[in-house]
Amino acid sequence: MTFTVPNFKTKFRRFVSFSQALLLGTTSLLLINTSAKATDIVDIKYKDTELSIKTKELKKFSQTGEIPPHLQQFFDDTEQVPDFLSGLLAKEIYLSRSLVNDVLDSTTGQFFLLKLNQTINTSSSTEDLEDLKKTIIKAYNNDRELSVLELLDKYPQRRLKVDLTNLEGTYNDASNFTERILPAWEIAKSFLEDVVCDCEAQ
């Protein structure tokens with residue numbers, strides 16, 4: 001009986017080839033997963049009229065005022081003024097450090113997340129709210145402000161639906177929370193902490 005000793009170089013080449021193929025496949029999966037984590041299409045609705053538009057087109061419209069033909073048709077059908085939408089898309093909510101560090105994980109923060117979540121018309125599932133919280137933290141680390149457009153641009157879901165019918169009121173509610181309710185909450189919290197500390201000292 002004759003035994004053939006495997007050639008070491010041949011085995012090494014096969015191992016390298018297999019490793020390269022595995023690395024290539026893994027890289028491809030990572031690229032696919034990364035590209036999936038972005039909003040590509042926004043479905044805009046106003047009353048009974050709907051329009052699908054790419055996020056990059058919406059962003060360009062907000063920045064330059066240039067109206068794509070199909071978006072112009074949407075304005076004609078709904079009798080909406082382009083400035084209304086561009087102004088709403090660009091309106092920014094100030095994100096304080098206390099909101100991000102202390103409030104978002106509280107029941108008060110859940111109210112803010114639910115209210116803001118209504119602007120993009122997604123479900124109120126735990127996963128959606130967690131994605132929204134991550135988006136807010138990204139915006140805070142960027143410039144401490146969040147606009148509807150930035151929310152749409154950074155939210156990790158390929159397709160979102162925005163209902164303009166009540167969007168302005170809902171977004172204003174979220175904005176008022178950060179500008180009025182949250183500062184009052186922080187003052188009350190500070191006062192209560194001082195009272196508790198005084199009582200403990202006595």
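Please treat every number below as a calculation from the coordinates, not as lab data. Remember, it's a predicted structure, so these values are computed and weren't measured experimentally. Using ideal geometry, Cβ is built from the backbone for each residue, glycine included, and neighbour counts are taken over all protein chains shown.
Observations on the structure shown:
- The stretch 45-117: trypsin sites (Lys or Arg not before Pro) in DSSP loop, at most 12 other beta carbons within 10 Å: Lys47
- Cβ-based net charge around Lys60, under 11 Å, with every Lys or Arg adding one and every Asp or Glu removing one: +1
- Pairs beyond 21 Å (Cα-Cα), from Lys54/Lys133; Lys60/Lys91; Lys60/Lys134; Lys59/Lys115; Lys47/Lys133; Lys91/Lys133: Lys54/Lys133; Lys60/Lys134; Lys59/Lys115; Lys47/Lys133
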